[in-house]
Every structure is written in C-alpha cells, then in structure tokens.
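Rule-based calculations on the coordinates, nothing more; no lab input. Just so it is clear, the model here is predicted, and its values are computed rather than measured. Note that we place each Cβ from the backbone using ideal geometry, even for glycine, and neighbour counts take in every protein chain shown.
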Amino acid sequence: MMKNRTPKVGRNAPCPCGSTLKYKKCCLNKAKLDPAKLKSVYAKKYQIRLKQPDDIEGIKTAGMIAVDLLYVLESEIKPGITTNDINTLAHEFIVKKGAVPAPLNYKGFPKSVCTSVNETICHGIPGKLQLQSGDIVNVDVTPILNGYYADANKTFLVGETGPKAQKIVRVAQKSLKTGMSMVKPGNTVGDIGWAIQRYAEGEGCSVVREFVGHGVGFDFHEPPQVPHFGTKGEGISLIPGMVFTIEPMINLGKKDLVILEDKWTAVTEDGSLSAQFEQTVLVTENGFESLTPYDL
Ligand code: MF3
Ligand code: CO
Ligand code: CO
C-alpha cells in the first residue's frame, strides 16, 4: 500500500486544520489532516472553496483565452491606439471564444477590460485616450468560460520608452515571479506578500496596499485575500487545490493612491509610474501551476 501522504506544512505555520495553534502544537504527528476534513475546514473557517480536477481544467481553459489575448494585445499595442480600441479588440476576442468578459457591468464597471496608463495603478476605464510612444499600459482581462473565471494582466511598453518606464515594468514583472515562487504547500499567504515586498522595496519601489490578489475560479473575487506585502509565516497555510491570483501593483514613488471622480480609476498620489502583472495560480502537491501561464 502507498504511504498516506500528508500535505507539507511548516512547523511554525498556522495549523491548516483551522485551529489558531502552530502546526507543531496541533496536527503535526497527529495524522489529522485528511483531505476531506481539510476541505470542509477551509470552507467553513475561511470560505475557501478548493478546486477539484474538473474545476482546474475549466479554469485552465478560460486561462488560455486570457493568455492568447494578452499575446495578441502585445502585438497590437503601439503609439496611436486608443484604450477604447484595446477594449473592443479584447471584447471581440473573448466573445469569439465563447467566453464572457467578467469586468463588463461588474459592480457597474462600464467596459470589458481595465486599461491603466502610466500613473494609473489599476481599474482604468477604456476611453478616447490615445497611447503615445513612451507610455506604459496595463491591460487586465478576465474571461468567464462555462462558468469558470481566469484573471490575468500585463503591463505593455508603448513605442520607445525611457529608463523609468522600463524599470517599473521590470520590477512589477519580477515581483509577480517572486510571489509565485513562494507558492507551495506549507508556505503561507503571508510568505507571498513578504517576498514581493522585500524584492520590490529592495529595488527602491513601493507596494500598493489597497488592492490585493484573491481567490478566483467559481467567482471573480473569492477568499482568501492575497496581499503583496506582509510577514513571513503569517496568514492561511497554502494547501493543494487552492486557486488564487497574485497581482502586485508596484509604484516607482510612494505607495499611496487616490481614486478619481469616476469611482474606479486608482492613480498614484505622487504621480509616479505604476505597473502590474497578474496570473491565476493553483497550489499543487509540490508547488504551483499557473493557470494563465504567459511567459514571465
Ligand atoms: N481584474 C481585476 C482584478 O484583478 C478586477 C477588475 S474589477 C473591474 O481583480 F470591475 F474593474 F473590472
Ligand atoms: Co485579480
Ligand atoms: Co485582474
């Protein structure tokens, strides 16, 4: 008979059984972590719905639409394109694949994607703005296919960009990669934020606090919240079947933000550049798998 394998959890991490004790003071050596029990504990205590193999396939298929779309956008985004043009292109791409763009009418959001230019941190509303050489633009796409949501975004360089634009895009991209590298059973949600914050601040940049990653798959935003800052070892222990986004928003200047009159657009208070990269990740037995696996 195969050895009954229990998920790997750090000795000092919060016990995944849901008690507030450290793992070593609780379920470690007590063989209490049977998968069925964990599933109900994560549901009851954290409202986290673990994903089964069929769900994962569904999210992955939606995720491939997001990935393919981001590659199309990469080749189409050049000086002169408007953020409305980007919205139209993305909307038509998503609908042609038989999917639905989650942002459209979500809590009153009026468009099918978010387009966030230069000092805009996130939730920019597509409009008449024409992109110019030297700009950066984030496009955030969330197709729903057969009821499954996949959430991903990328920041694109427009035409010939300067060193500040190139730096913030590089740091935001590496921030996502750094966060993803922490995803494995036994690590915690806090480990992800801690690693991102340490890296981004080490580069002289700052991490936005007001917006966080989130569970995703059955709905647009599910528990848990995944901050891009934090303390090593704190927060919920990661276990196989969890699906959530990591989507660090990194500013070249200070971390503070202002929300514009439209109630959506978040911009840096100091006017500095901001960039973001997002993928939807699955916690596996050994680590993670991206369900929106564009190249990082
Ligand atoms: N896609 C965003 C996220 O990563 C949420 C956008 S909400 C919208 O969570 F309404 F602005 F679309
Ligand atoms: Co998201
Ligand atoms: Co998103």
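Structure data summary
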| item | result |
| --- | --- |
| The stretch 186-240: Rg to Rh, with Rh as the Kirkwood radius over Cα pairs | 1.01 |
| FRET E, pair ILE259, LEU104, Förster distance 25 Å, beta-carbon r, rounded to 0.05 | 0.80 |
| Dipole magnitude of the chain, debye to nearest 20 (Cβ charges: Lys/Arg +1, Asp/Glu -1, about Cα centre) | 1740 debye |
| Long-range tail of P(r) for the chain (Cα pairs > 33 Å, %) | 23 percent |
| Highest-fluctuation residue, SER116, SER274, SER75 considered, GNM on the chain with Cα pairs under 10 Å | SER75 |
| Point-to-point label distance, ASN12-LYS25, nm (Cα→Cβ direction, 7 Å offset) | 1.3 nm |
| Choice from ASN12, ASN87, ASN118 with maximal GNM fluctuation in the chain (Cα, 10 Å cutoff) | ASN12 |
| Where trypsin sites (Lys or Arg not before Pro) fall in DSSP loop in the stretch 109-197, at most 13 other Cβ within 10 Å | LYS128 |
| Extension reserve of the LYS128-VAL72 stretch, reckoned as 0.36 nm per residue once the Cα distance is removed | 18.1 nm |
| nm² value of the averaged projected area, convex hull over the Cα atoms of the stretch 1-152 | 13.1 nm² |
| Helix-only [θ]222 nm of the chain, DSSP H runs n ≥ 4, -39500 (n - 2.57) each, per residue, nearest 500 | -9000 deg cm²/dmol |
| Unit Cα scatterers, Debye sum, the stretch 132-271: log10 I(q)/I(0) for q = 0.11, 0.13, 0.14, 0.15 Å⁻¹ | -0.43, -0.60, -0.70, -0.80 |
| Taking the C-alpha atoms of the stretch 152-197, convex hull volume expressed per residue in Å³ | 66 Å³ |
| Loop-located GluC sites (Glu not before Pro) in the stretch 168-236, at most 13 other Cβ atoms within 10 Å (DSSP) | GLU210 |
| Unit Cα scatterers, Debye sum, the stretch 223-286: log10 I(q)/I(0) for q = 0.14, 0.24, 0.25, 0.28 Å⁻¹ | -0.58, -1.09, -1.13, -1.24 |
| THR265, THR115 arranged by Cβ crowding within 10 Å, fewest neighbours leading | THR265, THR115 |
| Amide proton proximity set for LEU104, modelled H, under 5 Å, gap of 5+ | none |
| Square roots of five times the Cα gyration tensor eigenvalues for the stretch 18-57, Å | 23, 12, 7 |
| Fluctuation leader among GLY124, GLY179, GLY202 - the chain, Gaussian network, Cα springs under 10 angstrom | GLY202 |
| Among the listed pairs LYS25/LYS174; LYS22/LYS60; LYS8/LYS45; LYS44/LYS107; LYS39/LYS174; LYS37/LYS111, those beyond 30 Å (Cα-Cα) | LYS25/LYS174; LYS22/LYS60; LYS39/LYS174; LYS37/LYS111 |
| Furthest towards positive pole of dipole, ILE48, GLN130, HIS91, structure part the stretch 40-138, Cβ charges | ILE48 |
| Intensity falloff of the stretch 43-82 expressed as log10 I(q)/I(0), Debye formula with alpha-carbon point scatterers, at q = 0.22, 0.25, 0.33, 0.36 Å⁻¹ | -0.76, -0.84, -0.98, -1.04 |
| Theoretical FRET efficiency, 1/(1+(r/R0)^6), r = Cβ-Cβ of LYS164 and THR231, R0 35 Å, to 0.05 | 0.70 |
| Tail weight of P(r) past 18 Å, computed on alpha-carbon pairs of the stretch 35-111, percent | 59 percent |
| Residue order, fewest to most surrounding Cβ atoms within 10 angstrom, among TYR23, TYR294 | TYR294, TYR23 |
